[in-house]
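Presented below is the structure to which this report refers.
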Amino acid sequence: MKADIAHLKAEQAKSKADQKAKIQAKIDKLNTKVHTKLEQAKQRSERRQAEVKAKIGALEKKASKAKGEPKAKIEARISELKELEKEASDAFDEFDKEVKAAFDEFDKEVNAAFET
């Protein structure tokens, strides 16, 4: 009887380890997906920044040739684009930090759950 109980306990421990491994594999797969999506978002943000910088460069070139009111309008548009880009960049940076912090917290909780 004692041997049977020991055998069943060993099976139970192995089963728990197998379940934990399967759950961890799923978590790892989801983490990879999220990090991939974040990287894609970062790349889109960088492309947008490059496009805005190019547009600003073109407007600055145009402004250097303009005079009077047309020049003032172009310079106002340049300032507006720079401000919008800064806001978008800051918002993305904040989003990125929040997502990473959330996943760090999630990882801690999952690890704590596995330790029990």
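Out of all the residues in region 34-42, is one or more among the β-branched types (V, I, T) and touching a residue at least 24 places away in the same chain (Cβ under 8 Å)? Can you show your working first?
So in region 34-42, the residues among the β-branched types (V, I, T) come out as 34, 36.
After this cut, where a residue has to be touching a residue at least 24 places away in the same chain (Cβ under 8 Å) as well, the list is 34.
Within region 34-42 (the criterion being among the β-branched types (V, I, T) and touching a residue at least 24 places away in the same chain (Cβ under 8 Å)), the answer is yes, since at least one residue qualifies.
Inside region 41-80, can you point out the residues that are closer than 21 Å to F95 by Cα and aliphatic (A, V, I, L, M)?
A41, A50, V52 - these are the residues of region 41-80 that are closer than 21 Å to F95 by Cα and aliphatic (A, V, I, L, M).
Applying the selection to region 81-106, what residues are surrounded by fewer than 13 Cβ atoms within 10 Å (Cβ to Cβ) and under 15 Å from the mean Cα position of the chain (by Cα)?
Taking region 81-106 and keeping what is surrounded by fewer than 13 Cβ atoms within 10 Å (Cβ to Cβ), we get 83-84, 86-87, 90-91, 93-94, 97-98, 101-102, 104-105.
Within region 81-106, D90, A91, D93, E94, K97, E98, A101, A102, D104, E105 meet the criteria.
So which of D104, D96 ends up being free of Cβ contacts under 8 Å to residues at least 24 places away in the same chain and at negative phi?
Values: D96 fails: free of Cβ contacts under 8 Å to residues at least 24 places away in the same chain.
Result: D104 is the single residue among D104, D96 that is free of Cβ contacts under 8 Å to residues at least 24 places away in the same chain and at negative phi.
So is Q40 within 31 Å of the chain's Cα centre (by Cα) and over 16 Å from V99 (Cα atoms) or not? Break it down stepwise before answering.
Numbers: within 31 Å of the chain's Cα centre (by Cα): yes; over 16 Å from V99 (Cα atoms): no.
Criteria not met by Q40.
Can you spot a residue in region 39-54 that is within 30 Å of A13 (Cα to Cα), in a helix (DSSP H, G or I) and out of contact with any Asp or Glu (no Cβ under 8 Å at 6 or more places or on another chain)? Write out each step before concluding.
First, the residues of region 39-54 that are within 30 Å of A13 (Cα to Cα): none.
No, the conditions are met nowhere in region 39-54.
Coordinate-derived values only; no laboratory data. The structure presented is a predicted model; accordingly, all values stated were derived computationally and were not measured. Every residue, glycine as well, gets a Cβ built from its backbone with ideal geometry; the counts of neighbours run over all protein chains shown.
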